[in-house]
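The values are calculated or read from the model by the stated rules, or taken from the named source; none is laboratory data. Predicted model, so just to flag it, every value in this text is computed and none were measured. Heads up, the Cβs are rebuilt from the backbone with ideal geometry, glycines too, and the neighbour counts pull from every protein chain shown.
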Amino acid sequence: MTTAVLPGTFDPITLGHVDIAMRATHLFDRVVIAIAHNSAKRPLLDLDTRIALATDALAHIDGVEVKSATGLLVDFCTAEGASAIVKGLRGGTDYDYERPMALMNRSLTGIETVFVTGDNALSHVASSLVRDVARHGGSIAQFVPSGVESAVLAALRDPLD
């Protein structure tokens with residue numbers, strides 16, 4: 001059984017994330033969504049909420065599991081028996097950002113990163129933009145799975161400290 005890890009903060013999960021997870025299941029038997037704390041980011045949604053939203057959003061896709069991840073991604077991948085890391089790319093800027101991490105991960109443990117090109121119709125959807133639209137009163141329903149918009153709006157009313 002081949003396993004891949006699809007890491008991210010998923011703050012919040014978007015339809016772009018769902019698209020990449022679904023595509024990854026065509027390449028791997030098991031895809032573990034690794035919801036992580038990124039020290040460079042300040043999340044709007046707490047970890048438990050992000051895990052619950054991702055679990056709900058991905059429940060219809062066979063072979064996908066959602067877990068929290070701490071520490072080095074490659075250590076998480078080793079513990080999960082993953083042969084690859086999957087990263088979704090919207091364009092060249094994403095590749096430029098992801099390439100050094102892919103090289104470092106391969107250097108540390110030999111694990112390869114597989115880049116999956118996202119659906120062009122979703123290429124403008126990013127969690128940061130979704131949060132920004134919601135912060136300014138716009139609807140994000142067309143960019144996120146069911147239930148995510150209400151969780152984001154609730155978090156905006158009562159932000160994390």
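Here is how the numbers come out for the structure above:
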quantity	calculated
Residue count, region 23-54 (criterion: under 25 Å from S150 (Cβ atoms) and of a type in the set (G, A, S))	4
Every pair of residues 6+ apart whose Cβ atoms lie under 8 Å, when the first sits in region 37-48 and is under 16 Å from P7 (Cβ atoms) and touching a residue at least 40 places away in the same chain (Cβ under 8 Å) while the second is assigned to a loop (DSSP other than H, G, I, E, B) and not β-branched (V, I, T)	P43/D11; P43/H37; P43/L160
Hits in region 36-53 (condition: closer than 16 Å to F76 by Cβ and of a type in the set (A, V, I, L, M, F, W, C))	A36, L47, I51
Close pairs (7 angstrom Cβ cut-off, 6 or more residues apart or separate chains): closer than 27 Å to D46 by Cα in region 110-133, β-branched (V, I, T) and part of a loop (DSSP other than H, G, I, E, B) anywhere	V125/T14; S127/T14; V130/T14; V130/I140; V130/V144; V133/I140
Residues being part of a helix (DSSP H, G or I), touching an Asp or Glu at 6+ places or on another chain (Cβ under 8 Å) and within 16 Å of G16 (Cβ to Cβ) - total across region 102-130	2
Every residue from region 36-51 that is modelled with pLDDT of 95 or more and touching a strand residue (DSSP E or B) at 6+ places or on another chain (Cβ under 6 Å)	R50, I51
Tally of residues being of a type outside the set (A, V, I, L, M, F, W, C), within 21 Å of T2 (Cβ to Cβ) and over 15 Å from the mean Cα position of the chain (by Cα) across region 92-130	5
Selection from region 131-141 of residues that are surrounded by 11 or more Cβ atoms within 10 Å (Cβ to Cβ) and either out of contact with any Asp or Glu (no Cβ under 9 Å at 6 or more places or on another chain) or among the aromatic types (F, W, Y) (or both)	D132, V133, R135
Scan of region 67-108 for residues that are among the hydroxyl-bearing types (S, T, Y) and either free of Cβ contacts under 8 Å to residues at least 12 places away in the same chain or surrounded by 13 or more Cβ atoms within 10 Å (Cβ to Cβ) (or both), ordered by number	S68, T78, S83, T93, Y95, Y97, S107
